[in-house]
Ligand code: PMP
């Protein structure tokens, strides 16, 4: 059976009747109908009507090598024929996760040499939470189990990952979070910096919120701090340069483990294999997923630092945790080939030395002065555009999120896929974008901003 036998309307009707979508208001979806993307190539996706849309989000922050990579399809095909599945429980292994683990240990920070696999970032964060608490228990400190996280953090959608995250709306639907997780202010200067406060000082103040939380709980009770190097789904919130060195200092001072969630920032997006490298950090865990396979297969890898791994190996006995698809042979084969492509094409370096700086300059030059833009910011190939009603006072348009949604709708209509988070527009394109693609994106975003401004000002 192929979808081509069905009209768009039929597909939309079946979708509405039977498919519960993630992060979706289902009544809305039924009223508006879903947008059905049916193929993609390079930096573009196409809907069932053949409309071409430049994908400013790399799918969902994941398709780093772009679409239409035959090599990835071929390696999956070969692996499926040879060995589609076998588990890695009970002292079994298969070749591709072995080779992938070796490769990940090479590109990870020097203190990281072990990998635990899952199928999603959420699962990897569940694993990380369990592992970190288990580590302290094995060290004879079971009470050292509190985790410090941040408001607006996104760590996934399972119960544990939602509990780790700091999204108020998600917590509202948890009906019982995993206990002993505290949330502090994020390093979001655009809204939280005080008048007259420098970026540097704001970064130190945001880090101090972590220290205060550690002291309030008692350092003997705090297992770890978890953070995304740059908050992604929370709105590409880029911390001031003073933030991470201070967090590192605080974690070391109180012997609190550092857990980085690099589900978005991993595998080249920031111009380094991992943002940890760019920030000079040696975390105890790094959660990765998404671009590990460029989204061609579901796979996550929790990178585990030597400190935890050694205790687990020497004192741990059996770790009662694992997923059927941990180390899935096909997903790992695709990941290996994907990492090979990223390396062969020099995509990490391209982001660091060429497209990352060019995106920053071009967004600033082309969109920074726009009448409804309060700030543009970027880090490697992730960027945010703050939508405001008044550039000077940074006052927002009425109806939280409505203005950015308006920009987003105009952008998609004009062939530019991007996302709105609250009143922030965000971009996270494939790493194959060139200067020309960045110019094309800026043209389309500018048009969307103009159209949205006309609509929003008329409405107001
Ligand atoms: N952590 C971060 C930082 C993420 O951005 C995401 C997904 N957007 C996750 C974890 C969860 O990953 P998944 O959706 O694969 O479970």
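The values are calculated or read from the model by the stated rules, or taken from the named source; none is laboratory data. Everything quoted here is computed from the prediction, not taken from an experiment. Every residue, glycine among them, receives a Cβ derived from its backbone with ideal geometry; neighbour counts consider all protein chains shown.
Residue 140 falls short of the stated requirement of being buried (at least 20 other Cβ atoms within 10 Å of the Cβ) and either in the same structural domain as residue 256 (by TED's automatic domain parsing) or under 25 Å from the mean Cα position of the chain (by Cα) (or both). The requirement of being at pLDDT 95 or above and either touching a helix residue (DSSP H, G or I) at 6+ places or on another chain (Cβ under 7 Å) or surrounded by 12 or more Cβ atoms within 10 Å (Cβ to Cβ) (or both) is not satisfied by residue 16.
In the set (1) assigned to a helix (DSSP H, G or I); (2) over 15 Å from the mean Cα position of the chain (by Cα); (3) farther than 25 Å from residue 254 by Cβ; (4) without any contact (Cβ under 8 Å) to a residue 40 or more places away in the chain, residue 196 fails one condition alone, (1).
For the range 132-167, which residues satisfy the criterion of being assigned to a loop (DSSP other than H, G, I, E, B) and either within 12 Å of the ligand (Cβ to nearest atom) or without any contact (Cβ under 8 Å) to a residue 24 or more places away in the chain (or both)?
Start the filter on the range 132-167 by keeping residues that are assigned to a loop (DSSP other than H, G, I, E, B), which leaves 139-145, 151-158, 165-167.
Matches in the range 132-167: 140, 142, 152, 153, 154, 155, 156, 157, 158, 165, 166, 167.
If I ask for residues that are under 19 Å from residue 189 (Cβ atoms) and in a loop (DSSP other than H, G, I, E, B), which ones from the range 383-439 would you list? Within the range 383-439, 388, 390, 391, 392, 393, 394, 395, 396, 422, 423 qualify.
Collect the residues in the range 373-396 that are crowded, with 21+ Cβ neighbours inside 10 Å and farther than 11 Å from residue 423 by Cα, keeping them in residue-number order. Once the filter is applied, which keeps residues that are crowded, with 21+ Cβ neighbours inside 10 Å and farther than 11 Å from residue 423 by Cα, the range 373-396 yields 376, 378, 379, 380, 381, 382, 383. For the range 268-295, residues that are crowded, with 24+ Cβ neighbours inside 10 Å, over 27 Å from residue 134 (Cβ atoms) and within 12 Å of the ligand (Cβ to nearest atom) total 3.
The number of residues in the range 233-267 being in contact with a strand residue (DSSP E or B) (Cβ under 6 Å, 6 or more places away or on another chain), away from the ligand (no atom under 16 Å from the Cβ) and assigned to a loop (DSSP other than H, G, I, E, B) comes to 1. The lone criterion from (1) at pLDDT 95 or above; (2) more than 25 Å from residue 50 (Cβ to Cβ); (3) part of a helix (DSSP H, G or I) left unmet by residue 374 is number (3). If only one of 298, 239, 245 is surrounded by 24 or more Cβ atoms within 10 Å (Cβ to Cβ) and either modelled with pLDDT of 95 or more or not assigned by TED's automatic domain parsing to the domain that holds residue 378 (or both), which one is it? Step by step, each of 298, 239, 245 is checked, and only 239 is surrounded by 24 or more Cβ atoms within 10 Å (Cβ to Cβ) and either modelled with pLDDT of 95 or more or not assigned by TED's automatic domain parsing to the domain that holds residue 378 (or both).
Picking from residues in the range 296-316 that are within 15 Å of residue 104 (Cβ to Cβ) and touching a helix residue (DSSP H, G or I) at 6+ places or on another chain (Cβ under 8 Å), the one that is nearest to the ligand (Cβ to nearest atom) is 300. Only one of the listed residues (42, 66, 33, 50) is buried (at least 19 other Cβ atoms within 10 Å of the Cβ) and either in contact (Cβ under 8 Å) with a residue 12 or more places away in the chain or farther than 16 Å from residue 297 by Cα (or both). That residue is 66. Of all residues in the range 59-75, one or more are on the phi > 0 side of the Ramachandran plot and part of a helix (DSSP H, G or I). Taking residue 212 as the residue in question, decide whether it is within 16 Å of the ligand (Cβ to nearest atom), in contact (Cβ under 8 Å) with a residue 24 or more places away in the chain and part of a helix (DSSP H, G or I). For residue 212, the condition - within 16 Å of the ligand (Cβ to nearest atom), in contact (Cβ under 8 Å) with a residue 24 or more places away in the chain and part of a helix (DSSP H, G or I) - is not met.
Among the residues of the range 279-319, not one is without any contact (Cβ under 8 Å) to a residue 12 or more places away in the chain and under 24 Å from the mean Cα position of the chain (by Cα).
Does residue 442 qualify as being touching a residue at least 60 places away in the same chain (Cβ under 8 Å), touching a helix residue (DSSP H, G or I) at 6+ places or on another chain (Cβ under 6 Å) and not assigned by TED's automatic domain parsing to the domain that holds residue 233? Yes, satisfied.
Can you confirm whether the range 335-351 contains a residue that is without any contact (Cβ under 8 Å) to a residue 40 or more places away in the chain, at positive phi and either buried (at least 18 other Cβ atoms within 10 Å of the Cβ) or part of a loop (DSSP other than H, G, I, E, B) (or both)? The answer is yes; a qualifying residue exists.
Only residues that are in contact with a helix residue (DSSP H, G or I) (Cβ under 6 Å, 6 or more places away or on another chain) and near the ligand (Cβ under 7 Å from one of its atoms) were counted in the range 114-131, giving 2.
Can you spot a residue in the range 170-186 that is out of contact with any helix residue (DSSP H, G or I) (no Cβ under 9 Å at 6 or more places or on another chain), more than 16 Å from the ligand (Cβ to nearest atom) and assigned to a helix (DSSP H, G or I)? Yes; the residues of the range 170-186 include at least one that is out of contact with any helix residue (DSSP H, G or I) (no Cβ under 9 Å at 6 or more places or on another chain), more than 16 Å from the ligand (Cβ to nearest atom) and assigned to a helix (DSSP H, G or I).
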